[in-house]
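Asker: Before anything else, here's the structure in question.
Readers should treat all values here as calculations from the given coordinates under stated rules, not as data from a laboratory. Here the structure is a predicted model, which is why all the values come from computation and not from measurement. Glycine gets a Cβ as well: all are built from the backbone with ideal geometry, and neighbour counts include every protein chain shown.
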Amino acid sequence: MPLPTLKSKLPMLRTSAVRMLEAKAGATPMERGSAWMAKRQRVAERFGWRCAACGLALMPGRMSDGRSFWQCDHIVSREQGGSNDESNLQPLCTTPCHEAKTAQEAAARLARGSYDSKPNPGTAHE
Ligand SMILES: [Zn+2]
């Protein structure tokens, strides 16, 4: 149950830094390292090395800004309690497909944070 005092402070706290904290609270931890890399490969193989959104072939290597060309996306995002299980993973081109999904998730997060929305039992930040 959100406290009225907390509610009244929310507009001031609405910065990107706070959104990051909110997003991370209760989220499934990010997996890294060689086990994750191997899983990433298996997910890509399962999708025939094609983006799950646009169907274009996944490219190896990295873009000029250092990001890899494709990302292993959590179908149900980690902040929504999505698991690191392969059944919850799909390959997406980093741009525009993964960026679009990330933007959608950010918009949904903002919508959930709006004053009129009902408290979401799935979020742990309250
Ligand atoms: Zn794509």
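Asker: If N is the number of residues in the stretch 18-112, what value comes out of its Cα radius of gyration divided by 2.2 N^0.38 Å?
Answerer: So the Cα radius of gyration is 1.08 times the expected 2.2 N^0.38 Å.
Asker: Follow-up. Report the charge-dipole magnitude of the stretch 18-112 in Debye, nearest 20, computed about the Cα centre from +1 at each Lys and Arg Cβ and -1 at each Asp and Glu Cβ.
Answerer: With only Lys, Arg, Asp and Glu charged at Cβ, the dipole is about 80 debye.
Asker: Would you mind counting up the charge near Glu45? Only other residues with Cβ under 14 Å from its Cβ, with Lys and Arg at +1 and Asp and Glu at -1.
Answerer: On the way: positive: Lys39, Arg40, Arg42, Arg46, Arg50; negative: Glu86.
Its environment carries a net charge of +4.
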